[in-house]
Amino acid sequence: MRLFGRNDIVLLGTLAVALWVLFSQPLQKVLEFIRDIENTYQVRLLPALVILVAMFVFHQYRKREEVRVAALASAAAAKEAMARSEEMERLIAFGQAIARSLTEESIKAAAIAHLPQLAHKRAAWALARSDGQWRPLMNVGDATPLAQETAAKIALSEIDPVPGVEAEFICFPMIIAGMPVGILGVAAKPELGDEQRRILTTAAALLAVSLKNAELFREVVESNVRDPLTGCVTRRHAMGVFQTELRRARRSQLPISLIVFDLDHFKGVNDRFGHLAGDAVLGAVGGRMNAVLRGSDLKCRYGGEEFLILLPDTPTQGAQRVAETLRREIEASAIPWNDETLRVTASFGITAITPGEMEPLTAIARADEALYRAKQDGRNCVRSAAEAEALV
């Protein structure tokens, strides 16, 4: 804050002249006293006093400048500390967000929400990698998938950079146990500072751990829900889905059908060729089921060599066609085993489920009765619970 403005200069000058006039006589006496001392002791007191006063003023000025520079340095340090604190807060927020993410979709959402802030709103992208394939996680900017994948391969030293071409992105590999699980890329311009590089390196490491955790979580869920041999869901999981489909059918009043089948003389395959051959047969049957059935159909390994199929929005006639098609596919399948070829057949029982029916075990019991009749009728055939009711 300035104490005096430009309009006060004349007033100050007038005040200085007035003071000079007022104290001119005392000053004259002081100067005469100084000259008397100089003449008496043969010293130059006045120049020395002038030099001392000048040095004192200069010294005070230097101290003031040092204080000003120190204050500026302190302000700059405080500003840098504040910026680092904000960076750490953003990094912690990102870490908390991905720590709550157990699926790749939720990881994508966290990356899109937080990584642009960590990259200071530069163009940024992230790719995940598994089984040699790249999958996009996020892309903020106009980087093409080809440009991203090329930059990622260069960063992992899988391909050489083009000589004389400046890198468009700075890449931060995501490494777990020495294996790359992804790449975080950030625009190279403007140049990143050392602190920004450390923050982005940490973000890439957090993202790598999150991707690995999501993969392990998915494997755990799959092992609890899906039979690894056939690819069908487990019996426990199927019962839950069965109940859900029954409630949906009750609301929509749409038909729903159930197929139960098992492999004929499967024990003979195990006894003659061993259980590994039996596993190969079960795996082949699971593959034929996936090829024939819809994605919305419930495919369950009910136990041993017995399977259960739930067909939503399907009447009995449709279930009959599906069962017959699957029966022919299984009969025609040639399963290589060592130097031999294994062939199996299957017997099928089907039943319709009324929209008001809510008990899965009752429907399964009806389909089982139809399956038992298919066994009695020579196996490798399809029988329905409606046929048995008609006979009764």
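The values are calculated or read from the model by the stated rules, or taken from the named source; none is laboratory data. Nothing here was measured: the structure is a model prediction, and the numbers come from that model. Ideal geometry is used to build each Cβ from the backbone, glycine not excepted, and the neighbour counts take in all protein chains shown.
For segment 123-142, how many residues are under 13 Å from VAL186 (Cα atoms) and either modelled with pLDDT of 85 or more or touching an Asp or Glu at 6+ places or on another chain (Cβ under 8 Å) (or both)?
8
Considering only residues that are under 18 Å from GLN243 (Cβ atoms) and hydrophobic (A, V, I, L, M, F, W, C), look in segment 342-357 and name the one that is surrounded by the most Cβ atoms within 10 Å (Cβ to Cβ).
Only one residue tops the list, namely ILE353.
Of the residues ARG64, ARG35, only one is among the basic types (Lys, Arg) and either exposed (fewer than 10 other Cβ atoms within 10 Å of the Cβ) or modelled with pLDDT of 75 or more (or both); which?
Being among the basic types (Lys, Arg) and either exposed (fewer than 10 other Cβ atoms within 10 Å of the Cβ) or modelled with pLDDT of 75 or more (or both) holds for just one of ARG64, ARG35, which is ARG64.
Return the pairs, sorted by first residue and then second, in which the second residue is of a type outside the set (A, V, I, L, M) and at pLDDT 85 or above, the first residue lies in segment 66-89 and is outside the structural domain of LYS121 (by TED's automatic domain parsing) and on the phi < 0 side of the Ramachandran plot, the beta carbons are less than 9 Å apart, and the residues are 6+ apart or on different chains.
GLU80/GLU195; ALA83/GLU195; ARG84/GLU195; GLU87/GLU195; GLU87/GLN196
Out of curiosity, is ASP142 over 13 Å from the mean Cα position of the chain (by Cα) and at negative phi?
yes
Being within 20 Å of ALA124 (Cα to Cα) and among the charged types (D, E, K, R) is the filter here; which residues of segment 93-108 pass it?
Passing the criteria: GLU104, GLU105, LYS108.
Being without any contact (Cβ under 8 Å) to a residue 24 or more places away in the chain and under 11 Å from ILE199 (Cα atoms) is the filter here; which residues of segment 90-103 pass it?
Result: ILE92, single match.
One line per residue, one yes/no per condition, for (1) closer than 30 Å to GLU222 by Cβ; (2) out of contact with any strand residue (DSSP E or B) (no Cβ under 7 Å at 6 or more places or on another chain); (3) touching a residue at least 24 places away in the same chain (Cβ under 8 Å):
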| site | (1), (2), (3) |
| --- | --- |
| CYS300 | yes, no, yes |
| GLY303 | yes, yes, yes |
| ALA323 | yes, no, yes |
| GLU329 | yes, yes, yes |
| PRO336 | yes, yes, no |
| ALA346 | yes, no, yes |
| PRO355 | no, yes, yes |
| ASP368 | yes, no, yes |
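Considering only residues that are under 17 Å from GLN196 (Cβ atoms) and aliphatic (A, V, I, L, M), look in segment 117-153 and name the one that is surrounded by the most Cβ atoms within 10 Å (Cβ to Cβ).
That would be ALA126.
Take the conditions in contact with an Asp or Glu (Cβ under 6 Å, 6 or more places away or on another chain) and crowded, with 21+ Cβ neighbours inside 10 Å and apply them to VAL382. Does it pass?
Against the criterion (in contact with an Asp or Glu (Cβ under 6 Å, 6 or more places away or on another chain) and crowded, with 21+ Cβ neighbours inside 10 Å), VAL382 qualifies.
Just for segment 244-268: of the residues that are out of contact with any Asp or Glu (no Cβ under 9 Å at 6 or more places or on another chain) and in a helix (DSSP H, G or I), which one is surrounded by the most Cβ atoms within 10 Å (Cβ to Cβ)?
Looking at the filtered set, the residue picked out is GLU245.
Could you list all residues from segment 53-98 that are within 36 Å of the chain's Cα centre (by Cα) and among the β-branched types (Val, Ile, Thr)?
ILE92, ILE98
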